[in-house]
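Accompanying notes for the structure given below.
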Amino acid sequence: MPEGDTVFRAARRLHTALAGKVLTRSDFRVPAFATLDLVGRTVDEVVPRGKHLLHRIGDLTIHSHLKMEGRWDVYAPGDRWRRPAHQARVVLDATGGGPGSAADVSTVGFTLGVLEVVPRDQESEVVGYLGPDLLGPDWDADLALANLTRDPERPIGLALLDQRVLAGLGNVYRNELCFLRGVLPTRPVREVHDPARVIALASRLILANRDRNARVTTGVDRPGRRFWVYGRAGKPCLRCGTPIRHGELGDSELTLRDTYWCPRCQT
Ligand SMILES: [Zn+2]
């Protein structure tokens, strides 16, 4: 599941592949942008913003979000895609050579949850609502803490997923953070002991995983041991042996997400 660390790595791969190059093909397979042609434009940079990706291309920005199933792949021209073509939402090929040169790289966005092109000076319309970005140059732990504690009655397990509070955490991290701080995800923020430590731990965990391919919160990089509670329903707690519980938590039907906790370690 894409969280801020996954998106950070995707942006870095895309930036390495495209930055400073001229687009030789832009094929948007979504109706709203089907006729948009960016050929001949230079890609300035690709940057992550929380769980969002921004391709900055002259005065335009391609805004994408992986949501649950999306991903961006980087290929050599002519490589076989690792996903079926009908899942492709956009193809961007580019060349680092001079005018008229053939593409030396091909990038494909598959099943993106969001794909839109906006004027670059209006990026704030699509990502301006985000809280401080855990992996961004603007990371601000004090502001994240202020955002987190603004609604003291809200369950901590919901507040941590709210990208307006802080940007970058997904469902794996929110479950693991609640375990590591010994707090039930349903507990209101006002009852969480020292919420600044939750923020500090979130930052440490996601930074530690930023450059890894397999996300680990336990310090043990072995299958089945990488997480304390996430995905471990019914299995013994790695700390106390009590079976891990599983439920769903959300503000509404739409935001219901899988929740895992140890009924003994978390109170
Ligand atoms: Zn336990």
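Just a few scattered comments:
- The phi-based Karplus calculation (6.51 cos²θ - 1.76 cosθ + 1.60; θ = phi - 60°) puts the 3J(HN,Hα) values of the range 63-74 at 9, 9, 9, 6, 6, 7, 10, x, 6, 10, 10, 10 Hz, whole numbers, x for Gly and Pro.
- Fraction in percent of alpha-carbon pairs per bin - 10 Å, the chain: 7, 28, 31, 20, 11, 3, 0
- With a Förster radius of 35 Å applied to the beta-carbon distance between Arg257 and Asp211, the computed FRET efficiency rounds to 0.85.
- The share of Cα pairs per 5 Å bin across the range 164-216, counted from zero up to the longest distance, runs 4, 18, 31, 27, 12, 6, 2 percent.
- Whole-number Å³ per residue for the convex hull built on Cα positions in the range 200-267: 125 Å³
- Reachable lysines, given that their alpha-carbon falls under 16 Å from the alpha-carbon of Lys51 and they are not under 8 places away in the same chain: Lys67
- Share of carbon and sulfur in the accessible heavy-atom surface of the range 35-187 [1.4 Å probe, %]: 49 percent
- Between the beta carbons of Arg150 and Asp79, assuming R0 = 45 Å, the FRET efficiency works out to 0.40 to the nearest 0.05.
- Dipole axis of the chain (+1 Lys, Arg; -1 Asp, Glu on Cβ), positive-most option in Gly224, Pro2, Gly168: Gly224
- Accessible area per residue for the chain, computed on protein heavy atoms with a 1.4 Å probe, is 47 Å².
The values are calculated or read from the model by the stated rules, or taken from the named source; none is laboratory data. Computed from a predicted model, the values in this text were never measured in an experiment. Because the Cβ atoms are built from the backbone with ideal geometry, glycine has one as well, and the counts that use them run over all protein chains shown. These accessible areas exclude ligands, DNA and RNA; they are computed on the full protein's heavy atoms, side chains included. Shrake-Rupley method; radii C 1.70, N 1.55, O 1.52, S 1.80 Å.
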